[in-house]
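Encoded as structure tokens, the structure appears first; notes follow it.
What follows draws every value from the coordinates through simple rules; no lab data is involved. These figures come from a predicted structure and were not determined experimentally. Reconstructed Cβ throughout: ideal geometry from the backbone, glycine too, with neighbour counts over all protein chains shown.
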Amino acid sequence: MNEMREVEVAVTGAGQAGLAAAYHLRRTGFEPERDFVVLDHSPGPGGAWQFRWPSLTYGRVHGMHALPGRELTGADPGRPSSEVIAEYFTDYERAFDLRVRRPVDVTAVREGANGRLLVESSDGTWATKALINATGTWDRPFWPRYPGQENFRGRQFHTARYPGPQAFAGLRVVVVGGGASGTQHLLELAPYAAATTWVTRRPPVFREGPFDEDAGRAAVALVEERVRQGLPPKSVVSVTGLPLNDAIRQGLADGVLDRLPMFDRITPDGVEWKDGRRVSADVILWATGFRPAVDHLAPLRLREPGGGIRVEGTRAVVDPRVHLVGYGPSASTIGANRAGRAAVRDIRRLIAEPAGVPAAA
């Protein structure tokens, strides 16, 4: 459809970051559909959580912070997290009348007339004074390329489409990746698999002791410095190391977490190293992370030579009308909450009250 509509602010994405931003827009007097619009690619509420595997129950979720203004209470820890959090997000959208439009694919954001940005989507084009981009990373799983990969006769999964541990019953599995998802999936599927092999590019770093507030701030600062320099962001987890909890200790003791260096090529029947070592495999599970889903911003030329978008706070340095929430240092549930609030505060200053922005509540 070619319909053109005008709003003060467009929000792309309705995961934790997008809903937090929409809440703060609503709270400070912006009306949904009149002053702002929320466009979401997913088929229903829940952000990336709705796609998590069934064995990830709510009780096993770590670091899930409630959205601003409404706690998540009384959830059954034995229910799948995908169901619990999707229901919570559904209730949240209704409670604050956020009127999320979905499923909507945003295809491009480009320069428009009179200083506005044009958000082109499957729901038409929106001319907006400011954009809050909260598209996350779930739609951009990173698949490394290795020689021989196309000839592998087994199956390859990325953790974005992890089917649960039962799918690996009786199979020989190679798990690639040294982050939290790699170790979690490996430990979960190992009791079902015929054999497992763990490979990582770098030796894993295990962190002992509590991860306190000071350590958290230090980790966020490292990621923040990268985006300030215009480098591709790393996750907060990537700079904190893996917590040496009871499950990890048991995995080390059992030999499940006996790490091998990265293989050099993939054969039809498995993987192979330069020294001649071979491992037969039925499945390769790529726990190799995600990249920010920001290709639709390409017409604005925000990327720096280093490959990332340079960000100060949440504001894209190249274009102050564009705010990225859930990007880099705010790519956590609590970080997304704070980023949503900060973005709305800055956007209010940008578009200013004389232009018709409602007064702060």
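For the chain, give the magnitude of the charge dipole about the Cα centre (Cβ charges: +1 Lys/Arg, -1 Asp/Glu; no others), in debye to the nearest 20.
660
How large is ³J(HN,Hα) for each residue in the range 158-169, as worked out from phi by the Karplus curve 6.51 cos²θ - 1.76 cosθ + 1.60 (θ = phi - 60°), to whole Hz, x for Gly and Pro?
Values, residue by residue: 9, 4, 4, 10, 4, x, x, x, 5, 5, 9, 4 Hz.
Note the angle between two axes, namely the Cα long axis of helix 213-228 and the longest principal axis of the Cα atoms of the chain, as a number of degrees from 0 to 90, rounded to the nearest 10.
The helix 213-228 is inclined about 70 degrees to the chain.
Rank-order 157-165, 245-253 by packing density, defined as the average count of other C-beta atoms within 10 Å over each peptide's residues, highest first.
Answer by packing, highest mean first, reads 157-165, 245-253.
Of Ala343, Ala247, Val227, whose Cα points farthest to the positive end of the dipole of the chain (charges on the beta-carbon: +1 Lys, Arg; -1 Asp, Glu; origin at the Cα centre)?
My answer, from the dipole projection, is Val227.
Tilt of helix 81-95 relative to the longest C-alpha principal axis of the chain, in degrees (0 to 90, nearest 10)?
Once rounded, one gets 0 degrees.
Between the DSSP loop rule and a limit of at most 16 other Cβ atoms within 10 Å, which trypsin sites (Lys or Arg not before Pro) in the range 47-82 are left?
Loop-located and lightly packed - Arg70.
Over all directions, how big on average is the projection of the convex hull of the alpha-carbon atoms in the chain, in square nanometres?
One quarter of the hull surface, i.e. the mean projection, equals 19.5 nm².
Subtract the Cα-Cα distance of Arg265 and Tyr192 from 0.36 nm times their separation in residues, and report this length gain in nm to one decimal.
Computed gain between Arg265 and Tyr192 is 23.7 nm.
Relative to 2.2 N^0.38 Å, what does the C-alpha radius of gyration of the range 1-57 come to as a ratio? Two decimals please.
Rounded to two decimals, the normalised Rg is 1.35.
If a/c stays under 1.5 just call it rounded; otherwise compare a/b with b/c (prolate if a/b is bigger, oblate if not). Do that for the range 1-158, with a ≥ b ≥ c from the square roots of the Cα gyration tensor eigenvalues.
Here the range 1-158 falls in the oblate category.
So which GluC sites (Glu not before Pro) in the range 52-135 pass both tests, a DSSP loop state and at most 16 other Cβ atoms within 10 Å of the Cβ?
Counting only loop positions with at most 16 other Cβ atoms within 10 Å, the GluC sites (Glu not before Pro) in the range 52-135 are Glu71.
What's the FRET efficiency of Glu31 with Glu312 using the Cβ-Cβ distance as r and R₀ = 25 Å, to the nearest 0.05?
It comes to 0.30.
With each label point set 7 Å from Cα along the Cα-Cβ vector, what nm distance links Thr90 and Ala113?
Using points 7 Å along Cα→Cβ, the separation is 4.3 nm.
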